[in-house]
1. Hey, if you put +1 on the Cβ of every Lys and Arg and -1 on every Asp and Glu Cβ in the range 13-83, which of MET34, ASN79, GLY23 ends up farthest toward the positive end of that dipole?
2. If you take the alpha carbon radius of gyration of the range 13-83 and divide it by 2.2 N^0.38 Å, what ratio comes out, to two decimals?
3. Can you give the FRET efficiency to the nearest 0.05 for GLU91 and GLU69, using r as the Cβ-Cβ distance and R₀ = 30 Å?
4. Which distance in nm do the two modelled labels at GLU49 and GLN99 give, with both placed 7 Å along the Cα-to-Cβ direction?
5. Among residues other than ALA74 whose Cβ falls under 12 Å from its Cβ, what is the net charge (Lys/Arg +1, Asp/Glu -1)?
Amino acid sequence: MKTLQNRAFVNPFVMGTMLVVCGSGAIGLGSVWMRHQISVAANENKVIENHIVEVGRLNQQVTAWVAEEQDITALLKKNNEWHLGLVPPQEGQVQIIAQNSVARLTAKRDQGILTDRGINSAAPKPITFSIPVQR
């Protein structure tokens, strides 16, 4: 009597070939996706760099404009044009601050932050506890 064996026969060579093709396809797809992500990041960096250059250019323009407006001849001209009647400050009215203005203003703003009280708050009220004593 002949025994029938019902098992499927899959050639190991075909299975190995399919695994290699699928694996290399996944690796290829992953490398294409990674190159695309690198390209997207590079484009975003280029846009940010262009924005930084533009802001720097505008900053230089504003600095030049402010320097022109602070010139003594421009101030005297505007004083005469607008009939303001302003006079130059006297010697005792001018105070020159040698320290960095940003650091000075930051310290002035932050002087009350690290204390127990806030900047505008009143003196702290004492806290009292009462513990009942049983006799």
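Where a number appears in this text, it was derived from the coordinates with a stated rule and is not lab data. The model shown is predicted, which means the values in this text are computed figures rather than measured ones. Glycine gets a Cβ as well: all are built from the backbone with ideal geometry, and neighbour counts include every protein chain shown.
1. So the residue we want is GLY23.
2. On the way: Rg = 30.0 Å, N = 71, 2.2 N^0.38 = 11.1 Å.
Relative to the 2.2 N^0.38 Å estimate, the range 13-83 comes out at 2.70.
3. Details: r = 24 Å, r/R0 = 0.80.
Efficiency computed from Cβ-Cβ geometry: 0.80.
4. Between GLU49 and GLN99, the label points sit 4.0 nm apart.
5. On the way: positive: LYS77, LYS78; negative: GLU68, GLU69, ASP71, GLU81.
It works out to a net charge of -2.
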